[in-house]
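We did not get these values from a lab; they are worked out from the coordinates using the rules stated. Values in this document were obtained by computation on a predicted structure and should not be read as measured data. Every residue, glycine among them, receives a Cβ derived from its backbone with ideal geometry; neighbour counts consider all protein chains shown.
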């Protein structure tokens, strides 16, 4: 989060508490100059891209996510987040601690 700056004295202050909704106008009194001002809150969209070769003709690389209880075990592709039920063999390996997680190289 960034600090809030008073439009009158240009001094920064901590973000006013409980002011987090967009499309809302908030009123605040500057602790430095004592003037009241209004502000709104906006958020920035951030992207986290990664390759998904499985969406371009490659194979999915399924791993079990860390879920519990075991009856909810699903396999999730570590590249594209596709999910599918685990096979009986995969479920047995996971429950017996025999699943070998792939590591990124």
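Extension gain, residue 27 to residue 55: 0.36 nm times the residue separation minus the Cα-Cα distance gives 5.3 nm. On the beta carbon distance between residue 46 and residue 88, with R0 = 41 Å, the FRET formula returns roughly 0.55.
Based on the Cβ-Cβ distance from residue 5 to residue 73, what FRET efficiency comes out when R0 is 35 Å, to the nearest 0.05?
After rounding, the FRET efficiency stands at 0.10.
On full extension, the segment bounded by residue 36 and residue 15 gains 6.1 nm, given 0.36 nm per residue less the C-alpha separation. Debye-formula intensities of region 53-95, expressed as log10 I(q)/I(0) at q = 0.13, 0.26 Å⁻¹, are -0.28, -0.87 (one equal scatterer per alpha-carbon, no solvent).
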